[in-house]
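One structure below.
The values are calculated or read from the model by the stated rules, or taken from the named source; none is laboratory data. Keep in mind that this is a model prediction, so the values were computed, not measured. Every residue, glycine among them, receives a Cβ derived from its backbone with ideal geometry; neighbour counts consider all protein chains shown. Heads up: the accessible areas ignore ligands, DNA and RNA and are worked out on the full protein's heavy atoms, side chains in. Shrake-Rupley method; radii C 1.70, N 1.55, O 1.52, S 1.80 Å.
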Amino acid sequence: MATTSTTGSTLLQPLSNAVQLPIDQVNFVVCQLFALLAAIWFRTYLHSSKTSSFIRHVVATLLGLYLALFCFGWYALHFLVQSGISYCIMIIIGVENMHNYCFVFALGYLTVCQVTRVYIFDYGQYSADFSGPMMIITQKITSLACEIHDGMFRKDEELTSSQRDLAVRRMPSLLEYLSYNCNFMGILAGPLCSYKDYITFIEGRSYHVTQSGDNGKEETQYERTEPSPNTAVIQKLLVCGLSLLFHLTICTTLPVEYNIDEHFQATASWPTKIIYLYISLLAARPKYYFAWTLADAINNAAGFGFRGYDKNGAARWDLISNLRIQQIEMSTSFKMFLDNWNIQTALWLKRVCYERTSFSPTIQTFILSAIWHGVYPGYYLTFLTGVLMTLAARAMRNNFRHYFIEPSQLKLFYDVITWIVTQVAISYTVVPFVLLSIKPSFTFYSSWYYCLHILGILVLLLLPVKKTQRKNTHENIQLSQSKKFDEGENSLGWNSFSTTNNVCNQNQEIASRHSSLKQ
């Protein structure tokens with residue numbers, strides 16, 4: 001029987017007992033399914049053509065706060081406190097420095113909550129992690145503060161093209177601010193979206209197109225036909241169903257913890273260890289596929305997430321999508337994996353940190369990513385290992401890939417080898433992220449004799465590393481940094497497994513390792 005403690009509602013305890021899952025996981029899934037139905041109702045009966053933006057903001061906010069209260073109980077007050085104080089900072093401090101003060105407060109408040117939950121309260125006492133939604137709210141607070149600073153203080157010529165596009169030119173009202181941070185579509189699992197995109201959706205301007213006149217100056221707006229999200233939502237729900245089925249049936253039979261089982265370590269051959277490592281981490285991913293794809297489907301069902309049309313004229317509903325499963329599973333490089341995993345968090349790290357610092361931007365962004373993740377030691381081990389693996393993979397690619405471009409058979413051989421190496425290296429890297437604690441993480445790495453760590457260091461020492469030339473002007477420096485980030489610096493993307501890890505699981509993983517942390 002699932003008897004996990006919870007700070008949220010116990011109304012669904014009988015269902016939790018019936019399906020043998022922790023009550024907080026049941027609450028999360030049921031609330032997300034309720035949000036999906038609410039999104040369909042929201043788009044049908046509270047469409048922007050039928051009601052005012054004010055009503056849409058109020059309903060979206062109240063529904064979001066109710067879902068948060070149902071899942072987390074009084075801990076949901078942290079969402080209001082963090083958002084409320086940040087809004088006061090924005091109003092009081094002013095546009096010149098508000099982004100810095102909001103950044104320090106929001107990240108500091110998140111860190112205090114994470115430390116309190118893990119180290120002051122009993123480790124693993126509650127399976128629901130209220131800091132998970134706070135991680136998304138922190139992203140929204142800091143993103144919006146930067147966007148307002150860009151739109152109301154900085155000159156246009158100082159901004160990159162993406163900063164100009166996202167710049168906010170007026171201070172949002174308190175209602176708009178709370179609606180952006182706490183709306184029912186993203187309160188539990190995100191994903192992050194820009195404030196400008198969200199307000200455009202609420203006000204019903206998602207389908208307005210601006211067209212320049214013949215002289216290049218006159219602009220006219222016309223409204224294109226609103227595409228239906230139904231096909232995209234159904235496709236994403238099918239992915240959710242398959243992911244959930246795979247997680248419930250396969251993941252429990254292939255636990256990551258078995259990689260550190262003493263009998264397994266003593267008796268398994270190296271090929272067996274490698275294959276089981278890959279399969280066990282492959283089995284751990286569908287819960288993220290489920291949570292993020294369901295969150296994307298909820299936003300789409302409400303009418304949010306339309307990006308435009310592809311070259312074939314098909315509507316694209318991936319404006320705020322957080323992952324691309326096929327590209328993840330077929331990744332032949334760390335860059336390809338990170339480019340398609342937790343996409344919105346990688347963009348956040350780029351926009352609020354990497355593009356805004358001139359001194360060691362990569363290092364500062366790595367630090368921000370580590371702090372934002374949380375305080376479990378396994379997160380930091382994965383993060384540090386990920387940095388080493390990414391740099392080594394980049395060096396190998398830069399030095400050898402050009403030898404395998406032609407003929408096509410040789411390139412196919414190269415792709416197969418790099419796929420195998422990438423999947424094993426990624427699995428090796430993220431094991432501590434799942435194990436969470438220091439002792440089992442080092443037990444795993446020592447059982448592998450730290451072989452990939454050593455190999456990565458040797459690659460960096462022996463192979464020449466190409467240096468990126470920095471241009472002189474401020475604008476070119478920012479554009480160069482942005483391009484460099486897209487080409488591989490988003491290894492800070494060991495943002496990877498944390499947000500949803502904090503939202504929708506951890507009871508089973510944490511409870512089994514309760515004693516490990518205390519040692």
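At 0.36 nm per residue, and after removing the present C-alpha to C-alpha distance, how many nm does the segment from Y258 to V81 gain when stretched out fully?
59.6 nm is the gain from fully extending Y258 to V81.
Measure up K140/K287; K155/K196; K236/K273 against 30 Å on the Cα-Cα distance and list the ones that go over.
Among K140/K287; K155/K196; K236/K273, the Cα-Cα distance tops 30 Å for K236/K273.
Simple spin-label model, 7 Å along Cα-to-Cβ: C88 to T7 in nm?
About 2.0 nm separates the two model spin labels.
Let's test this: bin the Cα-Cα distances of the stretch 427-469 at 10 Å from zero up to the farthest pair and state each bin's percent.
25, 39, 23, 12, 0
At 1.4 Å probe size, put R307, R43 in order of accessible surface, largest to smallest.
Listed by decreasing accessible area, they come as R307, R43.
Just in the stretch 401-452: which chymotrypsin sites (Phe, Trp or Tyr not before Pro) are loop by DSSP and have at most 10 other Cβ atoms within 10 Å?
Y449
Note the full-extension length gain between Y66 and R205 as 0.36 nm times their separation in residues minus their Cα-Cα distance, in nm to one decimal.
In short, 47.3 nm is gained.
Given a 1.4 Å probe and heavy atoms of the protein chains only, how would you sort T7, T225, largest accessible area at the top?
T225, T7
Between T111 and I275, 0.36 nm times their residue separation minus their Cα-Cα distance comes to what?
55.4 nm
Can you tell me the Rg and Dmax of the stretch 99-200, counting just the alpha carbons, in angstroms?
Rg then Dmax for the stretch 99-200, in Å: 15.6, 51.
For labels at E96 and T267 in the simple 7 Å Cα→Cβ model, what's the distance in nm?
Spacing of the two 7 Å Cα→Cβ label points: 7.1 nm.
Calculate the FRET efficiency for Q235 and D156 from the Cβ-Cβ distance with a Förster distance of 51 Å, rounded to the nearest 0.05.
0.85
Counting only protein heavy atoms and using a 1.4 Å probe, what share of the accessible area of the stretch 326-366 belongs to carbon plus sulfur, as a whole percent?
Here carbon and sulfur together make up 60 percent of the probe-accessible area.
In a shell of Cβ-Cβ distance under 13 Å around F264, excluding F264 itself, what net charge do Lys and Arg (+1) and Asp and Glu (-1) give?
Summing Lys/Arg as +1 and Asp/Glu as -1 gives -2.
Projecting each Cα onto the charge dipole of the stretch 246-396 (Lys/Arg +1, Asp/Glu -1 at the beta carbon, about the Cα centre), which of T365, P377, A268 comes out farthest on the positive side?
My answer, from the dipole projection, is T365.
What does the charge count around Y198 come to, taking other residues whose C-beta lies under 12 Å from its C-beta (Lys +1, Arg +1, Asp -1, Glu -1)?
Neighbour charge sum, excluding Y198 itself: 0.
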